[in-house]
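Okay, structure first, notes after.
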Amino acid sequence: MKKVITYGTFDLLHKGHVRLLQRAKNIGDYLIVALSTDEFNTIKGKKAYTSWEDRKFVLEALTCVDEVIQENDWAQKKTDILEYGIDTLVMGNDWEGEFDELDTICEVIYLNRTDGISTTKIKEELKQL
Ligand code: C2G
């Protein structure tokens with residue numbers, strides 16, 4: 001079984017997130033999403049609209065997502081990859097090159113972001129309504 005992992009906040013889940021997750025799943029057989037906790041989002045300088053529990057609930061409803069774990073800090077990726085027996089780390093290409101050092105322990109793939117959509121854009125446009 002080829003295991004894939006990806007990391008993110010996935011707030012206000014939208015087409016860009018889902019396309020990333022679907023493509024990540026199609027790279028292997030089992031997709032783990034390491035979902036940024038509310039506390040880690042603070043470290044990331046992000047404030048998610050929906051709680052970790054609710055973001056987890058939404059992600060778990062996707063057929064392409066097999067497991068959701070916590071992302072609590074930047075440094076956990078190496079231990080996650082080893083602990084969960086990950087074959088491939090997938091991220092959107094806004095992270096291009098950021099995780100290349102992990103290619104000694106797993107394949108690292110950056111997928112094109114989906115243009116024209118982001119949680120920030122959604123929030124900003126909702127304010128204009
Ligand atoms: N994404 C995408 N297309 C978009 C928006 C997002 O492909 N239009 C991808 C991002 O590239 C990322 C994933 O969806 O791979 C999740 O995006 P965010 O929730 O914004 O996650 P981010 O804040 O980038 O957190 O340790 C890594 C971080 O936790 C990643």
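From the list I86, I109, which residue is modelled with pLDDT of 95 or more, more than 9 Å from the ligand (Cβ to nearest atom) and crowded, with 18+ Cβ neighbours inside 10 Å?
Working: I109 fails: crowded, with 18+ Cβ neighbours inside 10 Å.
Exactly one residue qualifies, and that residue is I86.
Looking at the range 1-25, which of its residues are aliphatic (A, V, I, L, M) and open to solvent by less than 40 Å² (accessible area, probe 1.4 Å)?
Result: V4, I5, V18, L20, L21, A24.
Which one of the conditions (1) away from the ligand (no atom under 13 Å from the Cβ); (2) open to solvent by 90 Å² or more (accessible area, probe 1.4 Å) does Y30 fail to meet, given that it meets all the rest?
(2)
How many residues are charged (D, E, K, R) and within 13 Å of the ligand (Cβ to nearest atom) if we restrict to the range 89-106?
The total comes to 3.
Please give the number of the condition Q70 fails out of (1) open to solvent by 40 Å² or more (accessible area, probe 1.4 Å); (2) within 13 Å of the ligand (Cβ to nearest atom); (3) over 30 Å from L126 (Cα atoms).
Of everything listed in (1) open to solvent by 40 Å² or more (accessible area, probe 1.4 Å); (2) within 13 Å of the ligand (Cβ to nearest atom); (3) over 30 Å from L126 (Cα atoms), Q70 misses just condition (3).
Tell me, please, whether a residue that is farther than 23 Å from T120 by Cβ, more than 13 Å from the ligand (Cβ to nearest atom) and either among the acidic types (D, E) or touching a residue at least 24 places away in the same chain (Cβ under 8 Å) (or both) can be found in the range 44-62.
yes
Only one of these is hydroxyl-bearing (S, T, Y), surrounded by 17 or more Cβ atoms within 10 Å (Cβ to Cβ), within 26 Å of G116 (Cα to Cα) and modelled with pLDDT of 95 or more: S36, S51. Name it.
S36
The values are calculated or read from the model by the stated rules, or taken from the named source; none is laboratory data. Keep in mind it's a predicted model, so treat the numbers as computed, not measured. Note: ideal-geometry Cβ built from the backbone for every residue, glycine included; neighbour counts use all protein chains shown. Surface accessibility is based on the protein's heavy atoms, side chains included, excluding ligands, DNA and RNA. Shrake-Rupley method; radii C 1.70, N 1.55, O 1.52, S 1.80 Å.
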